[in-house]
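Data block below; observations after.
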Amino acid sequence: MSEVPPRPEEAYARIRAEGGAGELHFSDVERQLRHFLTALWGRDVPMRALSAGGDAPEARRSGFDGGVIRLPDALPALAGQPAEALFRASLAHLAAHLIFSRRQLARGLKPLLMAVVGLVEDARVEHLAMRAFPGLRRLWLPFHVAEPSGALIAADLMERLSRALIDPGYEDANHWVAKGRALFFDGKDQWEDPDFSLRVGGLLAGDLGKMRVGLNHKTYLVEPAYRDDNGGLWEFDTPPQVPPDDHDLPLEAMRAEPSEGQEPDEFDGAARNDPAAASAPAGEADPEAGVPVARYPEWDYRIGLQRPGFARVVECPAPPSSPALIDGLLARDPGMVRRVARLVRAAKFSRPERLRRQAEGETLDLDACVEAAVERRLGHAPDPRVHAATRRRFRDLSVLVLLDVSQSTNDPVSDPAGGAPTTVLALERHATALLAAAMAEAGDRFAVHAFCSNGREEVRYQRVKDFGDPYDNAAKARLGGLRGRYSTRMGTALRHAGRQIAGQPTHRRLVLLITDGEPSDIDSGDRRYLIEDTRKAVGELAGAGVDVFCVRLGGTSAADARDPARIFGGRNVLTVERLERLPDMLPQLYFRLTA
Amino acid sequence: MELREYRIEREPYYRASGDEVALFEAAYASRMPVMLKGPTGCGKTRFIEHMAWRLGKPLITVACNEDMTAADLVGRHLLDAEGTVWHDGPLTRAVRHGAICYLDEIVEARQDATVIIHPLTDERRLLPIEKRNELVVAHPDFQLVIAYNPGYQSVVKDLKESTKQRFGALDFTYPPASVEAEIVAHEAGVEPTVARRLVQIGERSRNLRGRGLDEGASTRMLIHAGRLAARGVALEAACRMALVLPLTDDADVRDALSAAITACL
Ligand SMILES: Nc1ncnc2c1ncn2[C@@H]1O[C@H](COP(=O)(O)OP(=O)(O)OP(=O)(O)O)[C@@H](O)[C@H]1O
Ligand SMILES: [Mg+2]
């Protein structure tokens, strides 16, 4: 049986060890890379991150097996190029293989031969790709940094030949390098033939053998770093450890299994039929203890699978304070209340309706015209409002305002305008008070809920106001009584909120998440985990016809905005750094909803 | 003579990519209503201008929008010193005086607007003006042409079956690369090599249609980029201004598209 070339994860482990600066994660660039590939070749090839740690055996596969592209989960800046360029160069190279390479039987081939054939094949597919896209040369070239030297080491010579085959300006007096270059470019007309690499590579490998320069195939790595190990070029006797189409199957399989995920409906029903349960839980110890009502799956991006029934929602009562607190907030600036109310009123979400006696419009209001004519005959000034118009006026929208009431919302925010320092929670409360007053006045269907979390078994969910309830003093008192505690398991809270709003009989359904930042929880050390899960949850809600919009209070830096933009989509995040800006920002929100 | 200002004096440049000119001439000869289907900026408007010139008929173009009502097409009463006066809308003028009436993006208009064209587009060729109690018989030269972009509307905003079935249709897509390059070179005044690059870049963006972009770059956009290039702007910067930035606000898609454009140059 033939030797198998070193695994790409080892190669990338080496890159990582050498690099480190400017490191970028695959998932940060995944979307961009996917679009890049599609734009160039019109194909949507599945891509997977390859764990450099190599701890997941299913990830141990070469760059382009079975129509799946595998890229390292993280790459550093290299050769003066940003990590992004290294990702792009790697992907462009793999794509060239996918388009132009054909698998060869590896049986009986020596590692040296396979390595040299791979080298020629790399150059061949890159040149074919560059025929279509000449600019790719500028993407790949900077990574070719080999220089002429007197050393006669196979790996070194091969690196130099690789450069000689792509860099017209590279000069190397070595005989073997020069021969390789001549053979390659003289055969220009045969590049389309996949066996070209086998022929030219065969000759060159033979020469290397005669030169008695050894290749230590245990340590040999394809260079430069953007190139894969060419494992995908060869058909080995041993079958791959994992079937090539594993990337979708397990998900379906796991969904089909009976799981904890089935429980929520029972829980849910129980809690709903017995509202007392929510307000008076069995254990008297903690008046704010809640009842578990539902379980939701979580998305684990590291394994690319759902974890069924992984997080539990506990509904907790919202302890009231005094409604005067909220009324007092609004009384501070009645002008602001009016502005917000006007904006909310102005937004329209429904079919048009006919309006009569308008100053302008697309048709005449006949009755008004007759009256006006009569007035004129009588020598009076006629009423000029003689048109009829159609306008959208009904509001076919329900809104669930979901407040993040985690510990971090107690953080002070310094008012950039130099006003009195306040907390995120106070800002949230104030913004909600303004919106709620406006929506109540406009007769909108809305609810105000709040959440925080204390590990995955305790995602606490509080109802300040439900859809059916009036926005009365009791609701205001509950809004005023919200306190910031625990952490922010956003995805689960969103899934629960999504379920609450799903039944609303309106044209549009909106979950308006008001938060200070990103998801986090005590039992999740990996910051990305909850970010990815939240992103997934937003997608699930969208699939169920529920829009999720995130209003971020406090944070101002562009870097802070990156994760929210990833989670919700850049268009669905508004950053409001000061409350006074809320009226300016609201139209954007409504515009995006109606657009 | 009526509608003088709607006559097209000089030949509008149109590069045919199939037998659409002959087909349209045959349709006009029997006054068959025609619908031009195709994405934005692919030459529908240019085509109908060219055909109006070729047939020597005036062309009245109406861009429809979602606030557009039947009154905007047919006409309305206006008030003057003595009372109300009637004012013919663009459709009525075309019907009365014999023009080709081109309704662009007809699906955008409201239902009542699309329904009034029904009696005009069957054997009757009549336009009832309810508000005046008038029945206008179409002038023998009158023809109705509508344009619409099937990719871009949602399902709700499709034409009614009874409307669709009154029309013959011509399908417009972006022309084949070599033809499109010819058009870009002509309209933007750039060298054929530059035009071919631009078309190749256009194809990259069209690959992203429905996968990051709602719509790929139109011929019109490529011409825009070409015009910038003709004024000395570097091709990459020209594409950024004329294609990448207008097409999307999504940073990932922008980066991907820019990288794909760089790969083409
Ligand atoms: N076949 C063609 N011959 C000549 N010019 C063309 C052709 N196709 C496109 N063009 C050029 O592209 C530009 C845009 O085309 P046009 O305005 O006809 O698009 P359209 O299909 O009507 O778009 P929309 O649906 O947005 O109205 C034209 O101004 C013209 O310069
Ligand atoms: Mg390779």
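A few remarks follow.
- Restricting attention to the stretch B:186-219, the residues that are more than 21 Å from the chain's Cα centre (by Cα), away from every other protein chain (no Cβ under 13 Å) and more than 21 Å from residue A:35 (Cβ to Cβ) add up to 6.
- Every condition in (1) farther than 30 Å from residue A:199 by Cβ; (2) of a type in the set (A, V, I, L, M); (3) modelled with pLDDT of 85 or more is met by residue A:98 except one, and the failing one is (1).
- If the condition is being out of contact with any helix residue (DSSP H, G or I) (no Cβ under 7 Å at 6 or more places or on another chain) and within 14 Å of ligand 2 (Cβ to nearest atom), then the stretch A:123-158 contributes only A:127.
- Residue match in the stretch B:168-181 (condition: over 20 Å from the mean Cα position of the chain (by Cα), within 14 Å of ligand 1 (Cβ to nearest atom), open to solvent by 70 Å² or more (accessible area, probe 1.4 Å) and without any contact (Cβ under 8 Å) to a residue 60 or more places away in the chain): yes
- Search result, residues across the stretch B:34-74 that are within 16 Å of ligand 1 (Cβ to nearest atom), over 16 Å from residue B:24 (Cβ atoms) and part of a loop (DSSP other than H, G, I, E, B): B:39, B:40, B:41, B:64, B:65, B:66, B:68
- Strands (runs of 3 or more DSSP E) fully within the stretch B:75-167 counting 2 or more residues that are within 14 Å of chain A (Cβ to nearest Cβ) and either touching a residue at least 24 places away in the same chain (Cβ under 8 Å) or within 23 Å of residue B:3 (Cβ to Cβ) (or both): B:75-80, B:83-88
- Given (1) part of a helix (DSSP H, G or I); (2) over 23 Å from residue A:322 (Cα atoms); (3) small (Gly, Ala, Ser), index of the condition residue A:455 fails: (1)
- Evaluation of residue A:184 against the conditions (1) closer than 16 Å to residue A:110 by Cβ; (2) under 46 Å from the mean Cα position of the chain (by Cα) shows that the sole unmet condition is (1).
- Tabulated pairs, the stretch B:212-238, first touching a residue at least 60 places away in the same chain (Cβ under 8 Å) and basic (Lys, Arg), second within 16 Å of ligand 1 (Cβ to nearest atom) and in a loop (DSSP other than H, G, I, E, B), C-beta under 7 angstrom, 6+ apart or interchain: B:220/B:41
- Take the conditions (1) in contact with an Asp or Glu (Cβ under 7 Å, 6 or more places away or on another chain); (2) at pLDDT below 95; residue B:214 misses just one of them, which is (1).
- Residue within the stretch B:17-24 that is surrounded by 20 or more Cβ atoms within 10 Å (Cβ to Cβ) and either within 14 Å of another protein chain (Cβ to nearest Cβ) or touching a residue at least 24 places away in the same chain (Cβ under 8 Å) (or both) present: yes
- Of note, residue A:119 does not satisfy the criterion of being at pLDDT 90 or above, within 14 Å of another protein chain (Cβ to nearest Cβ) and either away from ligand 2 (no atom under 16 Å from the Cβ) or open to solvent by less than 30 Å² (accessible area, probe 1.4 Å) (or both).
The values are calculated or read from the model by the stated rules, or taken from the named source; none is laboratory data. Note that the structure is predicted; figures quoted are calculated from it, not measured. Here the Cβ is made from the backbone with ideal geometry for all residues, glycine too, and neighbour counts use every protein chain on show. Areas reflect the complete protein model, heavy atoms only, side chains present, ligands, DNA and RNA absent. Shrake-Rupley method; radii C 1.70, N 1.55, O 1.52, S 1.80 Å.
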